[in-house]
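Notes follow once the structure below has been shown.
The values are calculated or read from the model by the stated rules, or taken from the named source; none is laboratory data. Note that the structure is a prediction, hence the values are computed from the model and not measured. Note: ideal-geometry Cβ built from the backbone for every residue, glycine included; neighbour counts use all protein chains shown.
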Ligand SMILES: *Cc1c(COP(=O)(O)O)cnc(C)c1O
């Protein structure tokens, strides 16, 4: 079999979904399975549905098309599909044909979807996203009711509910303040529009901790879950969620070179191979920073820390591990991809601010990772 390859254990995805679906059901919360990290793969979607997800969500129209074109045995035609970000206006026609629901924040998007839905003779559901502090997306809370009222004036679209997205762009942790506000806004919108909302979408996998621990989840009745179903981890802590499997995706790679080398390159090199001008001294760490994805380590609060990768190997070594590692200890936020190639830096490097790097945790092992979508569609 070719390498690198990603081995996907669908049973683990189904198990993770079933476990969270059951746990959340006791709180009155449904699960929408988010497939974007698997590029809308029908078999991954089918595993989520088998585990009890009530619908599927994806952030790319192409992925929704893939789900809609899937074997009906895997993704039945009546499964609700949600576009979990605002479509570009030029995509409106495709969106109303492929998706049941869109998450929307702008009047112009509503106009485009409503016009497209009328042209296509369908009715499209919208969930209005409200900004509650993470600054990733959403209409300001004070404008929500007006926007909600305006949905009713547009034939072609129907107000299904409201939602929010936290711990994504800025790492703002979902807690009682934001979630309480979401519930209050749901009541206000219902009062203003004189109709019940069928969706109050409380966020992504980062909201799990709050939903499962809160005394009262208020009006929240849905979560959009990707990372927790796929990787079994909580994006806030990068730790496994209790009883979930973390072995659904195993990247298998072959080691092609293992050499002990100095951390500093030598010879003339004004530019990096990627064409960007070279900054800094070309240390192992700066090489790591220049990596186009996963080069930043996100703390639960969203601030960026630069830390030496956990490694006890000589500086300059590139490690590759083929299984059993937790791939998402550092990586991009929001479950859209993960992974870093880790160059080993000396154990006790000092950061540029002169602070010592955090201690190496013995359970962390280096892994060469790559974005799921690159692995799933090798070129
Ligand atoms: C990706 C995404 C999700 C799922 O996030 P996970 O952290 O993978 O659970 C939910 N909502 C939106 C809007 C997203 O973009």
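Candidates in the stretch 239-257 are the residues that are in a loop (DSSP other than H, G, I, E, B) and at pLDDT 95 or above; of these, the one that is nearest to residue 44 (Cα to Cα) is 248.
Among the helices (runs of 4 or more DSSP H) contained in the stretch 14-130, which hold 1 or more residues that are under 23 Å from residue 144 (Cα atoms) and more than 16 Å from the ligand (Cβ to nearest atom)?
Working: elements: 42-50, 61-68, 92-98, 107-120.
Filter on the stretch 14-130 gives 92-98, 107-120.
Of all residues being within 13 Å of the ligand (Cβ to nearest atom) and in a strand (DSSP E or B) in the stretch 197-214, which is farthest from residue 225 (Cα to Cα)? Just the residue, please. Don't jump to the end; show me each part of the working.
Initially, the stretch 197-214 is screened for residues within 13 Å of the ligand (Cβ to nearest atom), giving 199, 201-209, 211.
With the extra rule that they be in a strand (DSSP E or B), the set shrinks to 199, 201.
On the way: 199: 15, 201: 11 Å.
Only one residue fits best here, namely 199.
Annotation note: Cβ proximity below 6 Å between a residue of the stretch 160-173 that is farther than 19 Å from residue 217 by Cα and a residue that is in a loop (DSSP other than H, G, I, E, B) and near the ligand (Cβ under 10 Å from one of its atoms) (sequence gap 6+ or interchain) occurs for 168/136; 169/136. Scanning the stretch 165-197 for residues that are touching a strand residue (DSSP E or B) at 6+ places or on another chain (Cβ under 9 Å) and surrounded by 14 or more Cβ atoms within 10 Å (Cβ to Cβ) gives 165, 171, 181, 182, 183, 185, 186, 189, 193, 197.
What number of residues within the stretch 1-23 are buried (at least 23 other Cβ atoms within 10 Å of the Cβ) and touching a strand residue (DSSP E or B) at 6+ places or on another chain (Cβ under 8 Å)? Give the steps one after another, and end with the answer.
In the first step, residues of the stretch 1-23 are kept if they are buried (at least 23 other Cβ atoms within 10 Å of the Cβ); the result is 13, 16-17, 20.
Now drop any that are not touching a strand residue (DSSP E or B) at 6+ places or on another chain (Cβ under 8 Å), which leaves 17, 20.
Residues in the stretch 1-23 being buried (at least 23 other Cβ atoms within 10 Å of the Cβ) and touching a strand residue (DSSP E or B) at 6+ places or on another chain (Cβ under 8 Å): 2 in total.
In the stretch 159-190, how many are assigned to a loop (DSSP other than H, G, I, E, B) and more than 16 Å from the ligand (Cβ to nearest atom)? So that I can check it myself, show each step before the final result.
Of the stretch 159-190, the ones assigned to a loop (DSSP other than H, G, I, E, B) are 164-175.
Still in the list and also more than 16 Å from the ligand (Cβ to nearest atom): 175.
Residues in the stretch 159-190 being assigned to a loop (DSSP other than H, G, I, E, B) and more than 16 Å from the ligand (Cβ to nearest atom): 1 in total.
Cβ separations smaller than 6 Å between residues 6+ apart or across chains give the following pairs from the stretch 181-203 residues that are at negative phi to residues that are away from the ligand (no atom under 16 Å from the Cβ) and in a loop (DSSP other than H, G, I, E, B): 183/218; 183/219; 186/197; 186/219; 190/196; 190/197; 200/219.
Within the stretch 220-238, restricting attention to residues that are surrounded by fewer than 24 Cβ atoms within 10 Å (Cβ to Cβ) and assigned to a loop (DSSP other than H, G, I, E, B), which residue is farthest from the ligand (Cβ to nearest atom)? The qualifying residue farthest from the ligand (Cβ to nearest atom) is 221.
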